[in-house]
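One structure is given below, encoded as structure tokens.
The values are calculated or read from the model by the stated rules, or taken from the named source; none is laboratory data. All figures in this text were calculated on a predicted structure; none of them were measured in a lab. Here the Cβ positions follow ideal geometry from the backbone for every residue, glycine too, while neighbour counts run over all protein chains shown. For accessibility, only protein heavy atoms count, side chains too; no ligands or nucleic acids. Shrake-Rupley method; radii C 1.70, N 1.55, O 1.52, S 1.80 Å.
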There are 4 protein chains.
Amino acid sequence: MDFRSDNVVGAAPDILQAVVDANQGTATSYGNDPYSERVEARLSEIFEKPVRAFAVTTGTAANALALSALVPNYGAILCHDEAHIHLDECGAPELFSGGAKVVPLAGASGKIAIDALRAMLDQTLTGDPHRVQPAALSITQATEAGTCYRPTEVAALAEIAHGRKMKVHMDGARFANAVAHLGVAPAEITWKVGVDVLSFGATKNGALGAEAVVFFDTALAEDFVIRRKRGGQMVSKMRFVSAQLEAYLKGDRWLALARHANGMATRLAQGLQRLPQAALVSPVEGNEVFVRLPQGVIAGLKAAGFNFHEWTDGAPGTIRLVTAFNTEPADVDALVATATKLAAAAA
Amino acid sequence: MDFRSDNVVGAAPDILQAVVDANQGTATSYGNDPYSERVEARLSEIFEKPVRAFAVTTGTAANALALSALVPNYGAILCHDEAHIHLDECGAPELFSGGAKVVPLAGASGKIAIDALRAMLDQTLTGDPHRVQPAALSITQATEAGTCYRPTEVAALAEIAHGRKMKVHMDGARFANAVAHLGVAPAEITWKVGVDVLSFGATKNGALGAEAVVFFDTALAEDFVIRRKRGGQMVSKMRFVSAQLEAYLKGDRWLALARHANGMATRLAQGLQRLPQAALVSPVEGNEVFVRLPQGVIAGLKAAGFNFHEWTDGAPGTIRLVTAFNTEPADVDALVATATKLAAAAA
Amino acid sequence: MDFRSDNVVGAAPDILQAVVDANQGTATSYGNDPYSERVEARLSEIFEKPVRAFAVTTGTAANALALSALVPNYGAILCHDEAHIHLDECGAPELFSGGAKVVPLAGASGKIAIDALRAMLDQTLTGDPHRVQPAALSITQATEAGTCYRPTEVAALAEIAHGRKMKVHMDGARFANAVAHLGVAPAEITWKVGVDVLSFGATKNGALGAEAVVFFDTALAEDFVIRRKRGGQMVSKMRFVSAQLEAYLKGDRWLALARHANGMATRLAQGLQRLPQAALVSPVEGNEVFVRLPQGVIAGLKAAGFNFHEWTDGAPGTIRLVTAFNTEPADVDALVATATKLAAAAA
Amino acid sequence: MDFRSDNVVGAAPDILQAVVDANQGTATSYGNDPYSERVEARLSEIFEKPVRAFAVTTGTAANALALSALVPNYGAILCHDEAHIHLDECGAPELFSGGAKVVPLAGASGKIAIDALRAMLDQTLTGDPHRVQPAALSITQATEAGTCYRPTEVAALAEIAHGRKMKVHMDGARFANAVAHLGVAPAEITWKVGVDVLSFGATKNGALGAEAVVFFDTALAEDFVIRRKRGGQMVSKMRFVSAQLEAYLKGDRWLALARHANGMATRLAQGLQRLPQAALVSPVEGNEVFVRLPQGVIAGLKAAGFNFHEWTDGAPGTIRLVTAFNTEPADVDALVATATKLAAAAA
């Protein structure tokens, strides 16, 4: 029973089937295929606005390429200090942007604090040649702490950023989980509250390997097809990537998959919360549960065959449990039951 | 009937099936899965030497990442003046290497002329700070002209390069076609004749989207897992990429696929050569046919529904016809028959 | 009376004269001149070890080029969170290194706290491809807070860094001031305590525009002449830069200039400390005084014609006063007298 | 007697004196000084147009920074195949631009052939993501062959470039020599014929180390102060650089210096042309003479103490003789006399 990550699981059967079905006849290569066109059209529908959308194969590439379209090489990219682009992408944004600086900002529960953003900007005069120039704000939704920004929270941050002529990027590796949790229209949490570009994730939520960079400000997309090629992401047989996205976006399939994962996380959290020694680190608003447990319980769970990550960036005794589109309720219940037994024995 | 490229076709059924079969249970993400391990082991077998192998999703990424491991940012990458890395990858090697310079060298039939290599090196003193430092030689096999370097040809170029402490890269987007044509052991055309790193292509020859960077000089691979991540190519559900490579490399499947494509190209070339107005631009030694035809024949073929590229980098009236692992003999014969009729009518 | 910075003043007369004297006959360009050779020899003498030394025209270039020789593009450069390379060089280290990441560490009085360094390293496993790899530690001596690391402090940091196979860089824009304050041999505060490369400043201490990158680990210098050219710092008439360094290093001229500047700062600090409302922010160990004063006193000093910077990176009411090799005692005394009067009036 | 280069000589006495005179009082650092302001105003006068001008310390930095303001990192910089930016700056344009590609074009006598430019552009569709995008044309004036473009020649190239929305850069390391030779107003050979940005050289023509990047299209200069800092060229005591430029530009001093150098080159060429075995490689239109001589004459000149470069990029037996603002007629005559004697003896 594997709760390590939503990328240790495989693909949703219908998404895999779409790949199989795409293996018919010839198709123009490098993204000029009908699958890719339909994905862009469908995303325009979902976001209630004509968007430009570009498929890529990894979330790191989606983020790094999107940011490279927003900032000059002397620009600063502001983000939360636990953001994936800051801690977990090995400098990909720096590579693709030609050396822009990723500047971390503090904030509780994985969310950038308004005051931290303001303080950073106050310290940096526009045009001061000594300092890198704030050029983009990157917001992670759902956050690295498993929480979700409310539309008003995004709006407040984006307004400040736009006031400094910065662009706003959203890292949506778990965007579906956020929309499912918030119960808002996708537009309400993106361009309507100031997001210019979205890394729209699908891999963690059931695709084999497919993400889309979605431009709400389509002027920013002008040279993106070039950046994508230069970045090694203009897949030759792109139909096999776009077909995944097409299946993912069919009806509300993407939200249904996320709702399941979220539901499993909630079930996990509710079960663990009943243990007196357990403490949730942040509210569970997506498919991730960060919880502090006694070391004996953690060790016992591992011994019992449950697989998960101890969270070294957090306080000692913190573990992360991630659910996915295909997590079985029985597995969740088994983990809770085992933890309960272990906790009782330790008490 | 589509002869535009070997990337407009789909995937070989067994490779697609391997992707389907890989959708079982959970697997460690980011390349630490058993599929990836088996691919490395199988490539070590095929090349008769322990290699390090890293799966990526595009040929551009394979080349650019491989080269970035071989050259400092002030290095020069020497290649043929029609090489993909020079003309068709939109500066990806420059991006991934931090601005190394790709220096084109002349040579007939897509092959670097020994004298061109020598002349370039003679012009550039080692350590002269005014000039970028020759650091890598990149050889395309099969070449962009559809020909193949003989082992002795690779050896001669590699020896000069190594004499200047340069590393030798092989762009093997169509490596299988070359090995199939030459009938040599893979080792004989790579590390035994001086190749340090190979971009081992699979996509054009039946995969959905999978390439491997294969290090024969494994010391050069030391930080490659980091470069791959930073370059946006550390696929989270890597098993779906590695499973393609595993199926591709099973037995001699990869060579069988290439043999078919090569055979179809030969059949095409033999058919067209019979036309008095047709002239092959280079010998057909892989799955590409470059042929000069009268404009009327070209127009007539297009009108008859044959799809292919006019080759703007070549002489006027040159077209490129590419066959693939699944090209039907009947389609080849139809093209030849139509061209024959058109040529006869024009004569 | 201008206390804004040690770069608003001109040049020491003997250094200027050396430039004038160098204007004789022809000299090989691009650094292959006898002046440059003599500078390297003299620095080897001063540091009691054969060093490699390379003149450049700015401190930013010295730091950025030096660091680019120490780190791969996926490397992390660790430094104090007030370091010039982090806050005040507009991303030059990122540009010259191809996108390495500058990671700020906390610490009192401008010095990196050992625990902050350890914590950062503990968080980052060597070889973990998700994270940039700690590759260099940069220590500023004298610090941005006007303090000086003791040899044991440098040794402790350097030992940890070397234990992780990192290289150690010292930003010595005010190196002379530190050596003058500490009263140690230059070797004792550099390579003997683990410094691999030093940005040896001269501009702030009396030169027109000249800095040297000094390699104690000469193997690291192997390609530096190339990096310097590529970085736009291989001055064609280099003799005019090297002549400055030669005059600067003659006898203990460089230390005498620094001793004067330091003495003036001490005189300033001692004078201001007598005011009950004044509070030094850090010990004065070089030529910079950071002091908190009542806003009325600050305004009064400005009105009286004293020129200096309010320190926006510090607490409100903090000003920075910088002395130089040519600061007049009378100007120092005038400032102290005026501040004393203003403070008394306000009390 | 040293004819190696115009950078082996020292500085003009009045320019050196200006540096000495600038050593008075304090001046705001980093380019915000009155010297720098006056230089910009004077250049606006000289070019009959309000320009933005930025002092830097080397020609390589001037070119690389100027180009970095004109091209995206996926851009191509088109230039002559002997251009300094292509052959002799060790990839500085690639570094500062984040990996743009320098694309060499053929042409006689150091000038880009119109047809070579057209052919290159015809081969590269705007927006084709496979190919780097032509973004800047760089014209060297005077050329690397010692010749000068006529205004109509610049206009013809610039018109084609602007027709593709490219920017036009002029590498004017020897701009004064060209203006002196052509006898045109500086405006006539720059912005009036389509030049957007000029690297305005002074070092080779009498300065110690000072160049200016001059923007005729001032919108392109918007972020240049930032690029200059990031590039390590925002000199702290900038007055010492700008003072050189101010003296250089006083009256027509810059042209007078160039006229002398040009006159000496003409005198050299006229003397050598009388030898039956001598052949000028290109017309002498500046301060450089490229001439083919018998090996015996070359060896004899060296033995007689004349210092110059054999030109390895040219045909065997080609030497380059460079004159400067301070070349003595007697030295020129001595070289001619010696060569004449050697040639006669050999005949």
Legend entry - Residue check for residue C:76: within 29 Å of residue D:22 (Cα to Cα) and either modelled with pLDDT of 95 or more or at the interface with another protein chain (Cβ under 10 Å from one of its Cβ atoms) (or both): no
Inset, instruction - Kindly provide the set of residues from segment C:221-248 that are over 20 Å from the mean Cα position of the chain (by Cα) and of a type in the set (A, V, I, L, M, F, W, C), ordered by number. - result: C:221, C:224, C:225, C:226, C:234, C:235, C:238, C:240, C:243
Inset, instruction - Residue by residue through segment B:1-18, note down the ones that are under 15 Å from residue B:245 (Cα atoms) and among the acidic types (Asp, Glu). - result: B:14
Legend entry - Qualifying residues in segment C:59-73 (those that are out of contact with any helix residue (DSSP H, G or I) (no Cβ under 6 Å at 6 or more places or on another chain) and away from chain D (no Cβ under 12 Å)) - the one farthest from residue B:231 (Cα to Cα): C:70
Inset, instruction - Examine segment B:124-131 for a residue that is surrounded by 24 or more Cβ atoms within 10 Å (Cβ to Cβ) and outside any helix (DSSP H, G or I), and state whether such a residue exists. - result: no
Legend entry - Single residue of D:119, D:113 found to be free of Cβ contacts under 8 Å to residues at least 12 places away in the same chain, more than 14 Å from every other protein chain (Cβ to nearest Cβ) and open to solvent by 10 Å² or more (accessible area, probe 1.4 Å): D:113
Legend entry - In segment B:296-327, residue nearest to the other protein chains (Cβ to nearest Cβ) [restricted to those that are under 15 Å from residue B:3 (Cβ atoms), surrounded by fewer than 20 Cβ atoms within 10 Å (Cβ to Cβ) and polar (S, T, N, Q)]: B:307
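Each row is one residue, and each column tells you yes or no for (1) in contact with a Leu (Cβ under 8 Å, 6 or more places away or on another chain); (2) basic (Lys, Arg); (3) buried (at least 22 other Cβ atoms within 10 Å of the Cβ).
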residue	(1), (2), (3)
B:142	no, no, yes
B:145	no, no, yes
B:152	no, no, no
B:164	yes, yes, no
B:171	no, no, yes
B:177	no, no, yes
B:190	yes, no, yes
B:193	no, no, yes
B:197	yes, no, yes
Legend entry - Of the criteria (1) under 15 Å from residue A:142 (Cβ atoms); (2) part of a helix (DSSP H, G or I); (3) among the hydrophobic types (A, V, I, L, M, F, W, C), which one residue A:240 fails: (1)
Legend entry - So residue C:116, is it within 23 Å of the chain's Cα centre (by Cα), over 24 Å from residue D:239 (Cα atoms) and not in a strand (DSSP E or B): yes
Inset, instruction - Under 7 Å between Cβ atoms, at least 6 apart or on separate chains: pull out the pairs that start in segment D:289-314 with a residue that is of a type in the set (Gly, Ala, Ser) and end on any residue that is buried (at least 19 other Cβ atoms within 10 Å of the Cβ) and not in a helix (DSSP H, G or I). - result: D:314/D:281; D:314/D:290
Legend entry - Pair list, Cβ under 7 Å, 6 or more apart: segment B:20-47 residue within 22 Å of residue A:1 (Cβ to Cβ), other residue crowded, with 19+ Cβ neighbours inside 10 Å and basic (Lys, Arg): B:22/B:239; B:27/B:239; B:29/B:237; B:33/B:239; B:35/B:239
Inset, instruction - Please state which of the following conditions residue D:315 fails to meet, knowing it meets all the rest: (1) farther than 29 Å from residue B:120 by Cα; (2) part of a loop (DSSP other than H, G, I, E, B); (3) of a type in the set (A, V, I, L, M, F, W, C). - result: (1)
Inset, instruction - Considering only segment A:6-47, state which residues are within 12 Å of chain B (Cβ to nearest Cβ), assigned to a loop (DSSP other than H, G, I, E, B), open to solvent by less than 60 Å² (accessible area, probe 1.4 Å) and more than 21 Å from residue A:229 (Cβ to Cβ). - result: A:6, A:7, A:8, A:9, A:10, A:11, A:12, A:22, A:23, A:25
Legend entry - residue A:188 being among the acidic types (Asp, Glu), outside any helix (DSSP H, G or I) and at pLDDT 95 or above: no
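Each row is one residue, and each column tells you yes or no for (1) open to solvent by less than 10 Å² (accessible area, probe 1.4 Å); (2) touching a residue at least 12 places away in the same chain (Cβ under 8 Å); (3) more than 12 Å from chain B (Cβ to nearest Cβ); (4) not acidic (Asp, Glu).
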{"residue": "A:217", "(1), (2), (3), (4)": "no, yes, yes, no"}
{"residue": "A:228", "(1), (2), (3), (4)": "no, yes, no, yes"}
{"residue": "A:243", "(1), (2), (3), (4)": "yes, yes, no, yes"}
{"residue": "A:251", "(1), (2), (3), (4)": "no, no, yes, yes"}
Inset, instruction - Give the number of residues within segment C:137-178 that are assigned to a helix (DSSP H, G or I) and of a type in the set (D, E, K, R). - result: 2
Legend entry - Flag if residue D:293 is more than 14 Å from chain C (Cβ to nearest Cβ), under 27 Å from residue D:327 (Cα atoms), open to solvent by 10 Å² or more (accessible area, probe 1.4 Å) and modelled with pLDDT of 95 or more: yes
Inset, instruction - Check residue A:338 against each of (1) part of a helix (DSSP H, G or I); (2) touching a Gly at 6+ places or on another chain (Cβ under 8 Å); (3) touching a residue at least 40 places away in the same chain (Cβ under 8 Å) and name the one condition it does not meet. - result: (3)
Inset, instruction - Identify all residues within segment C:48-58 that are within 14 Å of chain D (Cβ to nearest Cβ) and either open to solvent by 60 Å² or more (accessible area, probe 1.4 Å) or out of contact with any helix residue (DSSP H, G or I) (no Cβ under 6 Å at 6 or more places or on another chain) (or both); write none if there are none. - result: C:57, C:58
Legend entry - Residue that is under 30 Å from residue C:342 (Cα atoms) and touching a strand residue (DSSP E or B) at 6+ places or on another chain (Cβ under 6 Å), where the choices are C:221, C:212, C:265, C:261: C:265
Inset, instruction - Kindly indicate whether residue B:94 is over 24 Å from residue B:150 (Cα atoms), at pLDDT 95 or above, within 12 Å of chain C (Cβ to nearest Cβ) and open to solvent by less than 10 Å² (accessible area, probe 1.4 Å). - result: yes
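Residue-by-condition table, conditions (1) at pLDDT below 95; (2) over 16 Å from residue A:65 (Cα atoms); (3) of a type in the set (Gly, Ala, Ser):
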| residue | (1), (2), (3) |
| --- | --- |
| A:113 | no, yes, yes |
| A:125 | yes, yes, no |
| A:168 | no, no, no |
| A:183 | no, yes, yes |
| A:198 | no, no, no |
| A:205 | no, yes, no |
Legend entry - Qualifying residue in segment A:199-209 (condition: β-branched (Val, Ile, Thr), open to solvent by less than 30 Å² (accessible area, probe 1.4 Å) and part of a strand (DSSP E or B)): no
